[in-house]
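*Asks:* Here you go, one structure.
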Amino acid sequence: MKDKVGAVLVVGGGIAGIQAALDLADSGFRVYVVEDTPSIGGTMTQLDKTFPTNDCAMCILAPKLVGAGRHANIHLITNAEIRKVEGEAGNFKVTVTRRARYVDSEKCTGCGVCAQECPVEAIDEYDEGLNRRSAIFVKYLQAVPSTFIIDREKCIGCGTCQEVCRADAVRYEDKDEHVELNVGAIILAPGFEEYNPSLKSEYGYGRYPNIVSSIEFERILSATGPYSGVVLRPSDGKIPKKIAFIQCVGSRDETTGNTYCSSACCMYGIKEAVIAQEHTPGVECTIFFMDIRAYGKEFDAYYNRAKEEYKVRFVRSRIPKVEEVPGSRNLLVRYVAEGELKEEEFGLVVLSVGMRPPKYAKELAEILGIKLNKYNFCSTNTFSPLGTSRHGIYVCGAFAGPKDIPESVAQASGAAAEAASIIASERGKLATVKKLPPEKDVSGEKPRVGVFVCHCGINIGGTVNVPEVVEYAKTLPDVVYAEHNLYTCSEDTQKRIREKIEEFNLNRVIVASCTPRTHEPLFRETVREAGLNPYLFEMTNIRDQCSWVHIREPKKATEKAKDLVRSIVAKARLLRPLKKPTVNVIPAGLIIGGGIVGMTAALELARQGFEVHVVEKEKELGGHLRTLHYLLEGEDPKEQLSKTVKQVMENDKIHVYLGAQVVDVSGFVGNFKSKIMFNGEEKEIEHGIIIVATGAVEYKPTEYLYGLDLRVLTQHELEEKISKEEFKAEKVVMIQCVGARTKERPNCSRICCGQAIKNALKIKEVRPETDVYILYKDVRSYGFKEDYYRKAAEKGVLFINYDDERKPQATNENAKLKIKFWEPVIKTEVEIEPNLLILSAATIPNPDNKQLSEMLKVPLTKGGFFLEAHMKLRPVDFATDGVFLCGMAHSPKYIDESIAQACAASARAATILSKKALEMEGIVANVDEDLCSGCRICESLCPYSAIEMKEQTEEKRVAHVIEALCKGCGVCGTACPTKAVTMGHFTTDEIMAQVKATLVEEIKA
Amino acid sequence: MSEKEEFEPKIIGFLCNWCAYAGADLAGVSRMQYPPNIRIVRVMCSGRVDPSFILEALKDGADGVLVAGCHLPSDCHYISGNFKALRRIKLLKKVLEQFGIEPERVRLEWISASEGDKFATVVKDMVDQIKKIGPNPLKGGIEA
């Protein structure tokens, strides 16, 4: 076998690809991201808000994109595709074609002047055709990379862009380029394609302007979209009074061939209805659906809010046809409700389109030599949800089946762990580490400030008189040098800044240009390379917040720019160097819980070379999986369980403690110390990270005679009975949502629909003549599980809908078990006498969660599951660094989803464990112990528990900042009554000086 | 500034790095035009804004102070800094009123990174409003 290579190729730069790339690059591997379009970010960049938190999509995504764009070990290859893959796991050779961009990425600064001058108008794909763009363009405003691209099909070759480009970046003669990459593993994250709704001609999409697809509607809702976030009709720009959402367009539909469920549309449909009303109050939204599949964490609570607070109307009906009303261009929707055909007019119709595999899935599969499933999504299985049919190639995100963002992110981190385990021996070998000169000691020196003012081509210089600002800067106190640059961010200016620091012995550096949010890291790096502490740099924004927003007032803009420079100089004079605290890392993990999830996480970490301690409460490994006898998809859970247990027990790096319990945890990321009770003794373990994998438990019903009548069982008990070949009932009734989706527990337990279908199919297999009735609220067989739902219906399993107003009733009269329920189609009350009544009991939080959450100082949801750092983009992280969660401790989920999360938690953990020492952010709080009165206000306010009280003298306790936990928000400093707490880089003195300098000059003038 | 010229209020804006500052950037990227009366001071979190910063700004002659952070309840990068800002500004406004300073001079807004338009509108609105209220009474005091 050839030598292994410490690099990974990620195909696709959407949220999944970027997450996988970041996790690998942060764990010491080199990563290449090959993205088909000109910029990374994928579909998420087009979304307005995200469910269930209504977070703005771009706000939470952009930092990840910038992070990936700037990462020393992530190489973005955009506007490119892979052509050939040779070799084997550990050593692949990949040929990539980078298509001509016609703009030099080294030179383009992304200023956008070319696009403003370009005379061509083309359809903007990013705005889904609802807007226009020029022939030279970036995909979206905050694009990474921000290099422009020329659409040569639309370009008329007039030469304007080349003429106006001050950076000399336009290259009409650019050609396609072939790149050879050598990598150890490959991760596929090419995403999905939206179903094209014009294929369902009965809905009139494409013919009637006021019918839009859900992704077009996202753009309509977006503040950066065609109507600046106001809900308007494309036909006349008027606000529609009524909006209809039609679900399952191109999903669950045999006529389209897409019989699977697209999993995310119910929730995005509800979200779009809610946001529409937030953006344009007064619009009335109606959602036409078959089943509302709000199966994820806190989704049902969101669904309920949409109904109750936002008055979104939900109508259970498949829509056969939509027609336009001539004149008004309203749309006529026909539907069936309460058994009657009805007709209703809407101003706008949104089609919730499903997810299709990427259009080049087949070609990709051929190049890679991997198998696809019958729908052309990547083929995977329950116990290897991230593995493809070829060793060394992994998959994540929607290409592995339709899914939402958090699931994609979890899979992405999981795939990163799998890829890393192949090349763990090569960690660090291809990663770049920069050599830096020692830091100069500037303490005691008088401030010597250098100011660099950027023209940004004509972006600033076209409005603000930059030379005047420079001359003004020279008059300010302690400024010893000032100059202007065409582009301060260009590579040659970085060199110049370093030279000027040397020449003028500068000890504070200011750049007046664009936004620190994108450029501060670059300039900090530059001053650090010149031997200055990076925190001696400051920046002020005279472009985004000045020249661009005062285009018609050049004089006032110039005055404002001067004010801004003056105020930032005042702050910079007070800047102090900050140390980035480092903490050593103990390269071992503690995993709490020894079910399939804990075991998977342990194996992943061990394969990457880390010691692992697994603490299991029971006397046996396996958890919940031990109670399963067969699976919906057909795999054998028992066989897999014993295989996994064997692997864990035989692995030297894994230490298993059975019948044990964690009783105390102290320390912080990299340095935890825990006590466990094991064999009646207390044992101490030191470790760098913690993974919570404590699972969940089955609800013991108090409803429907459970416990009173032996013929009433839970799904688990039925499974046990069937597996022991004791099942012989003639008539079985199953009731869904027992203990779930109720007032006390509003959320869905996610797995019970699949369980019921699994058991119903098993009954039909072992005893086909048995009648099975499933009484449900919504059948939530999302994704490819939909196929089993259909199969069950074909085999004669009867699915009957019930709602909260008419719940089924169970009685025991004269030893006869009777179930009464309302049949909504024939509108009659029906009574049957089953031999067995099976309850699909909820999955509820592990009762130990509360105690554990207090010990680990991590939060729980209202319902009692563990609450992650961010529901969308950090699904397996806690807000506390170094602590992770996975599996059912997070929320109810299927085995494949739990396994993906287990892998994800281990990948996230590896980003810490792979480092000898962690460098923390330098902007942290510190306490002047002499001023501290020990009042503990800061301790109680800190959202990260980063402040503890320590004894200064026998009588006095003072606040102490645990730097490793502090995130630098400054809430403590603001609240401190004695001003003993200060925030590095945002000290009270610095901010006050900045404010004063802004204002006082004017008073003098 | 001579008294006869139209009164141009000077506004200090404390914007949190993650949402409001990003929203102000987006207003720029989208070339939304608003009056040049605001000077922005970037802080990491709206929860860092000490009421004394606002009082000092008013004392130094600011005609208005804008504090802008991430939307309630859950957008805050630091979990709950926005709630802390909310409580502090509410209290501060009561104090200002007792000092005879119009509480409208201090404004708290939630602006997300995608709400460039909202940022521009807030600034426009605030400039109009403060023009109506007139110059900060403390400014004259200092000049005298």
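The values are calculated or read from the model by the stated rules, or taken from the named source; none is laboratory data. Computed from a predicted model, the values in this text were never measured in an experiment. Every residue, glycine among them, receives a Cβ derived from its backbone with ideal geometry; neighbour counts consider all protein chains shown. Note: accessible area is taken over every heavy atom of the protein model, side chains too, but ligands, DNA and RNA are not part of it. Shrake-Rupley method; radii C 1.70, N 1.55, O 1.52, S 1.80 Å.
*Asks:* Every residue in the range A:981-1005 that is assigned to a helix (DSSP H, G or I) and among the hydrophobic types (A, V, I, L, M, F, W, C), please. Spell out how you get there, then give the answer.
*Replies:* Here is the first cut: in the range A:981-1005, the residues assigned to a helix (DSSP H, G or I) are A:988-1004.
Passing the criteria: A:ILE991, A:MET992, A:ALA993, A:VAL995, A:ALA997, A:LEU999, A:VAL1000, A:ILE1003.
*Asks:* Scanning for something β-branched (Val, Ile, Thr), open to solvent by 10 Å² or more (accessible area, probe 1.4 Å) and in contact with a Ser or Thr (Cβ under 6 Å, 6 or more places away or on another chain), does the range A:393-414 turn up at least one residue?
*Replies:* The first filter runs over the range A:393-414 and keeps only residues β-branched (Val, Ile, Thr), leaving A:393, A:395, A:405, A:409.
Subsequent filtering for residues that are open to solvent by 10 Å² or more (accessible area, probe 1.4 Å) retains A:405.
If we keep only those that are in contact with a Ser or Thr (Cβ under 6 Å, 6 or more places away or on another chain) as well, we get none.
No, there is no match, as no residue in the range A:393-414 is β-branched (Val, Ile, Thr), open to solvent by 10 Å² or more (accessible area, probe 1.4 Å) and in contact with a Ser or Thr (Cβ under 6 Å, 6 or more places away or on another chain).
*Asks:* Still on this model: Out of everything in the range B:27-38 that is more than 7 Å from chain A (Cβ to nearest Cβ) and not polar (S, T, N, Q), what residue ends up being farthest from A:LYS562 (Cα to Cα)?
*Replies:* B:PRO35
*Asks:* In addition: Does the range A:541-553 contain at least one residue that is of a type in the set (Phe, Trp, Tyr) and more than 10 Å from chain B (Cβ to nearest Cβ)? So that I can check it myself, show each step before the final result.
*Replies:* First pass over the range A:541-553, keeping only residues of a type in the set (Phe, Trp, Tyr): A:548.
Narrowing the set further to residues that are more than 10 Å from chain B (Cβ to nearest Cβ) leaves none.
For the range A:541-553, residues of a type in the set (Phe, Trp, Tyr) and more than 10 Å from chain B (Cβ to nearest Cβ): absent.
*Asks:* Tell me, which residue of the range A:500-523 that is among the charged types (D, E, K, R) and open to solvent by less than 40 Å² (accessible area, probe 1.4 Å) is farthest from A:ARG543 (Cα to Cα)? Don't jump to the end; show me each part of the working.
*Replies:* Going through the range A:500-523, the residues among the charged types (D, E, K, R) turn out to be A:500, A:502-503, A:508, A:517, A:520.
If we keep only those that are open to solvent by less than 40 Å² (accessible area, probe 1.4 Å) as well, we get A:500, A:508, A:520.
Numbers: A:LYS500: 23, A:ARG508: 22, A:GLU520: 14 Å.
My answer is A:LYS500.
*Asks:* Which of the residues belonging to the range B:26-41 are open to solvent by 10 Å² or more (accessible area, probe 1.4 Å), outside any loop (DSSP other than H, G, I, E, B) and modelled with pLDDT of 95 or more?
*Replies:* B:ARG39, B:ILE40
*Asks:* How many residues does the range A:741-772 hold that are crowded, with 20+ Cβ neighbours inside 10 Å and part of a helix (DSSP H, G or I)?
*Replies:* Qualifying residue count, the range A:741-772: 10.
*Asks:* Mind listing whichever residues of the range A:26-61 are touching a helix residue (DSSP H, G or I) at 6+ places or on another chain (Cβ under 8 Å), assigned to a helix (DSSP H, G or I) and not polar (S, T, N, Q)?
*Replies:* Those that are touching a helix residue (DSSP H, G or I) at 6+ places or on another chain (Cβ under 8 Å), assigned to a helix (DSSP H, G or I) and not polar (S, T, N, Q): A:GLY42, A:MET44, A:ALA57, A:MET58, A:CYS59, A:LEU61.
*Asks:* Do we find that B:VAL122 is within 14 Å of chain A (Cβ to nearest Cβ), over 22 Å from A:CYS972 (Cα atoms) and of a type in the set (Val, Ile, Thr) in this structure?
*Replies:* Details: within 14 Å of chain A (Cβ to nearest Cβ): yes; over 22 Å from A:CYS972 (Cα atoms): yes; of a type in the set (Val, Ile, Thr): yes.
Considered against the rule, which asks whether it is within 14 Å of chain A (Cβ to nearest Cβ), over 22 Å from A:CYS972 (Cα atoms) and of a type in the set (Val, Ile, Thr), B:VAL122 comes out as yes.
One line per residue, one yes/no per condition, for (1) in a loop (DSSP other than H, G, I, E, B); (2) hydrophobic (A, V, I, L, M, F, W, C); (3) open to solvent by 20 Å² or more (accessible area, probe 1.4 Å):
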position	(1), (2), (3)
A:GLY69	no, no, yes
A:HIS75	no, no, yes
A:ILE82	no, yes, no
A:LYS93	no, no, yes
A:VAL96	no, yes, no
A:ALA100	yes, yes, no
A:GLN116	no, no, yes
A:TYR126	yes, no, yes
A:GLY129	yes, no, yes
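*Asks:* Among the listed residues A:ALA143, A:ALA167, identify the single one that is farther than 30 Å from A:ILE405 by Cα, open to solvent by less than 50 Å² (accessible area, probe 1.4 Å) and at pLDDT below 95.
*Replies:* Values: A:ALA143 fails: farther than 30 Å from A:ILE405 by Cα.
That would be A:ALA167, the only listed residue that is farther than 30 Å from A:ILE405 by Cα, open to solvent by less than 50 Å² (accessible area, probe 1.4 Å) and at pLDDT below 95.
*Asks:* Please enumerate the residues belonging to the range A:699-733 that are within 36 Å of the chain's Cα centre (by Cα) and open to solvent by less than 40 Å² (accessible area, probe 1.4 Å). Don't jump to the end; show me each part of the working.
*Replies:* So in the range A:699-733, the residues within 36 Å of the chain's Cα centre (by Cα) come out as A:699-701, A:714-716, A:719.
Within the range A:699-733, A:TYR699, A:PRO701, A:THR714, A:GLN715, A:HIS716, A:GLU719 qualify.
*Asks:* What's the total number of residues in the range A:565-595 that are open to solvent by 10 Å² or more (accessible area, probe 1.4 Å) and in a helix (DSSP H, G or I)?
*Replies:* Going through the range A:565-595 one residue at a time, the tally reaches 2.
*Asks:* Go through the range A:600-658 and report how many residues are in a helix (DSSP H, G or I) and hydrophobic (A, V, I, L, M, F, W, C). Give the derivation first.
*Replies:* Initial filter on the range A:600-658 (in a helix (DSSP H, G or I)): A:600-607, A:623-627, A:637-650.
Then keep just the ones that are hydrophobic (A, V, I, L, M, F, W, C); that gives A:601-603, A:605-606, A:625, A:641, A:645, A:648-649.
The number of residues fulfilling the criteria is 10.
*Asks:* Yes or no: the range B:107-115 includes at least one residue that is in a helix (DSSP H, G or I), surrounded by fewer than 22 Cβ atoms within 10 Å (Cβ to Cβ) and not basic (Lys, Arg). Break it down into steps so the answer makes sense when it comes.
*Replies:* First pass over the range B:107-115, keeping only residues in a helix (DSSP H, G or I): none.
Within the range B:107-115, not a single residue is in a helix (DSSP H, G or I), surrounded by fewer than 22 Cβ atoms within 10 Å (Cβ to Cβ) and not basic (Lys, Arg).
*Asks:* Considering each residue of the range B:53-100, count those that are assigned to a helix (DSSP H, G or I) and facing chain A (nearest Cβ under 8 Å), and give that number. It would help to see each step written out before you state the result.
*Replies:* Taking the range B:53-100 as the starting set, the residues that turn out to be assigned to a helix (DSSP H, G or I) are B:53-59, B:81-99.
With facing chain A (nearest Cβ under 8 Å) added as a condition, the list becomes B:53, B:56-57, B:81, B:84, B:88.
Selection size over the range B:53-100: 6.
*Asks:* Restricting attention to the range A:415-429, report how many residues are in a helix (DSSP H, G or I) and either surrounded by 24 or more Cβ atoms within 10 Å (Cβ to Cβ) or of a type in the set (S, T, N, Q) (or both). Working first, answer last.
*Replies:* The first filter runs over the range A:415-429 and keeps only residues in a helix (DSSP H, G or I), leaving A:415-422, A:424-426.
In the following step, the residues that additionally are either surrounded by 24 or more Cβ atoms within 10 Å (Cβ to Cβ) or of a type in the set (S, T, N, Q) (or both) were identified as A:415-421, A:425.
Residues meeting the conditions: 8.
*Asks:* In the range A:252-270, what count of residues is obtained for those that are among the hydroxyl-bearing types (Ser, Thr, Tyr) and within 24 Å of the chain's Cα centre (by Cα)?
*Replies:* Kept after step one, since they are among the hydroxyl-bearing types (Ser, Thr, Tyr), are these residues of the range A:252-270: A:255-256, A:259-260, A:262-263, A:268.
Among the residues that remain, those that are also within 24 Å of the chain's Cα centre (by Cα) are: A:260, A:262-263, A:268.
Final tally of qualifying residues: 4.
*Asks:* For residues that are within 21 Å of B:ILE79 (Cβ to Cβ) and more than 14 Å from chain B (Cβ to nearest Cβ), scanning just the range A:928-946, find the one that is least open to solvent (accessible area, probe 1.4 Å). Give the derivation first.
*Replies:* If we filter the range A:928-946 for residues that are within 21 Å of B:ILE79 (Cβ to Cβ), which is where we start, we get A:936-946.
Keeping just the survivors that are more than 14 Å from chain B (Cβ to nearest Cβ) gives A:936, A:939.
Values: A:ARG936: 116, A:GLU939: 53 Å².
So the residue we want is A:GLU939.
*Asks:* Filtering the range B:97-132 down to residues that are in contact with a helix residue (DSSP H, G or I) (Cβ under 7 Å, 6 or more places away or on another chain) and free of Cβ contacts under 8 Å to residues at least 12 places away in the same chain, which residue is farthest from B:SER30 (Cα to Cα)?
*Replies:* B:GLU97
*Asks:* Would you point out which residue out of A:VAL858, A:VAL825 is out of contact with any Lys or Arg (no Cβ under 6 Å at 6 or more places or on another chain), closer than 30 Å to A:SER27 by Cα and assigned to a loop (DSSP other than H, G, I, E, B)? So that I can check it myself, show each step before the final result.
*Replies:* Numbers: A:VAL825 fails: closer than 30 Å to A:SER27 by Cα.
Testing whether each residue is out of contact with any Lys or Arg (no Cβ under 6 Å at 6 or more places or on another chain), closer than 30 Å to A:SER27 by Cα and assigned to a loop (DSSP other than H, G, I, E, B) leaves just A:VAL858.
*Asks:* How about the range A:527-551: which of its residues are part of a helix (DSSP H, G or I) and surrounded by fewer than 23 Cβ atoms within 10 Å (Cβ to Cβ)?
*Replies:* Let us first name the residues in the range A:527-551 that are part of a helix (DSSP H, G or I), namely A:527-529, A:534-536, A:543-547.
A:ARG528, A:GLU529, A:PRO534, A:TYR535 - these are the residues of the range A:527-551 that are part of a helix (DSSP H, G or I) and surrounded by fewer than 23 Cβ atoms within 10 Å (Cβ to Cβ).
*Asks:* Sticking with this one: Every residue in the range A:953-980 that is outside any loop (DSSP other than H, G, I, E, B) and either surrounded by fewer than 23 Cβ atoms within 10 Å (Cβ to Cβ) or within 11 Å of chain B (Cβ to nearest Cβ) (or both), please. Even if it seems obvious, please write down each step before you answer.
*Replies:* First, the residues of the range A:953-980 that are outside any loop (DSSP other than H, G, I, E, B): A:957-961, A:971-975.
Residues satisfying the conditions are A:ARG957, A:VAL958, A:HIS960, A:VAL961, A:VAL971, A:CYS972, A:GLY973, A:THR974, A:ALA975.
*Asks:* Looking at (1) modelled with pLDDT of 95 or more; (2) within 18 Å of A:ASP23 (Cβ to Cβ); (3) open to solvent by 30 Å² or more (accessible area, probe 1.4 Å), can you tell me which one A:THR432 breaks?
*Replies:* (1)
*Asks:* Restricting to the range A:895-923, name every residue that is open to solvent by less than 20 Å² (accessible area, probe 1.4 Å) and farther than 21 Å from A:GLN19 by Cα.
*Replies:* A:GLY922, A:ILE923
*Asks:* Among what's in the range A:983-1005 and is surrounded by fewer than 21 Cβ atoms within 10 Å (Cβ to Cβ) and among the hydroxyl-bearing types (Ser, Thr, Tyr), pick the residue that is nearest to A:LEU918 (Cα to Cα).
*Replies:* Selected residue: A:THR987.
*Asks:* While we're here: Kindly evaluate A:GLY598 against the criterion of being more than 10 Å from chain B (Cβ to nearest Cβ), open to solvent by less than 10 Å² (accessible area, probe 1.4 Å) and on the phi > 0 side of the Ramachandran plot. Full working, then the answer.
*Replies:* On the way: more than 10 Å from chain B (Cβ to nearest Cβ): yes; open to solvent by less than 10 Å² (accessible area, probe 1.4 Å): yes; on the phi > 0 side of the Ramachandran plot: no.
When the stated conditions are applied, A:GLY598 does not pass them.
*Asks:* When you scan the range A:438-462, how many residues do you find that are in contact (Cβ under 8 Å) with a residue 60 or more places away in the chain, over 20 Å from A:LEU476 (Cβ atoms) and open to solvent by 50 Å² or more (accessible area, probe 1.4 Å)?
*Replies:* Total satisfying the criteria: 6.
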